[in-house]
1. Where only protein heavy atoms count, and the probe is 1.4 Å, what is the accessible area per residue for segment 5-133 in Å²?
2. So how exposed is Ile46, as accessible area in Å² (1.4 Å probe, rounded to 10)?
3. Using Cα pairs under 8 angstrom and six or more residues apart, how large is the relative contact order of segment 5-133, in percent?
4. Can you give me the % of accessible surface on segment 5-133 that is carbon or sulfur? Probe 1.4 Å, all protein chains present, nothing else counted.
5. What are the ³J(HN,Hα) couplings of segment 33-49, residue after residue, when phi is run through the Karplus curve with 6.51, -1.76, 1.60 and θ = phi - 60°? Round to Hz, x for glycine and proline.
6. Taking amide H positions as placed 1.01 Å from N in the peptide plane, with prolines and chain starts having none, which residues 5 or more places from Ile10, or on another chain, fall under 5 Å of its amide H?
7. Going through segment 10-106, which GluC sites (Glu not before Pro) have at most 15 other Cβ atoms within 10 Å and a DSSP loop state?
8. Among the lysines, which have Cα under 23 Å from the Cα of Lys93 when same-chain residues fewer than 8 positions away are ignored?
Amino acid sequence: MIGRLNHVAIAVPDLDAGIALYRDTLGAKVNAPQDEPDHGVTVVFIDLPNAKIELLHPLGDDSPIAEFLAKNPSGGIHHICYEVEDILAARDKLQATGARVLGGGGLKIGAHGKPVLFLHPKDFTGTLIELEQI
Ligand code: CO
């Protein structure tokens, strides 16, 4: 069902420091920050040859990232995103196994303008998983 790894998302307490780390220290291609008010985050995509890294930083007052950073003050891996061809079919199949889809199973439009959903980390070895339809 799942295909390629699309991105690994890393929450960062200091966006400029995260950008400098990936651009200057690690020598990666870092794109301009994008504000995603619907998701309460500012995102920065970093293009690697085989996948992307997504730096996440809180935007607004009740960002879902703020709580994560309160527990992980120096930042950390927040989620990983796998590609699927048919997100509704994937959702139905996973829900039939008892897996919990966050937000009641509804789809959202992700940072790439494609439909996404998130799966409960307790059902997936402690990892928040995003599925993105490609
Ligand atoms: Co993501």
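1. 53
2. Solvent-accessible area, nearest 10 Å²: 0 Å².
3. It rounds to 24 percent for segment 5-133.
4. On the way: 3710 of 6890 Å².
That share works out to 54 percent.
5. Karplus values, whole Hz, x for Gly and Pro: x, 10, 7, 10, x, 5, 9, x, 9, 9, 10, 10, 8, 10, 8, 10, x.
6. Glu54, Leu55, Leu56, His78
7. Details: sites: Glu54, Glu67, Glu83, Glu85; in loops: Glu85.
Sparse-neighbourhood loop GluC sites (Glu not before Pro): Glu85.
8. Lys93 reaches Lys108, Lys114, Lys122.
The values are calculated or read from the model by the stated rules, or taken from the named source; none is laboratory data. For clarity, every value in this text was computed on a predicted model and none was experimentally measured. Every residue, glycine as well, gets a Cβ built from its backbone with ideal geometry; the counts of neighbours run over all protein chains shown. Only protein heavy atoms, including side chains, enter the accessible area calculation; ligands, DNA and RNA are left aside. Shrake-Rupley method; radii C 1.70, N 1.55, O 1.52, S 1.80 Å.
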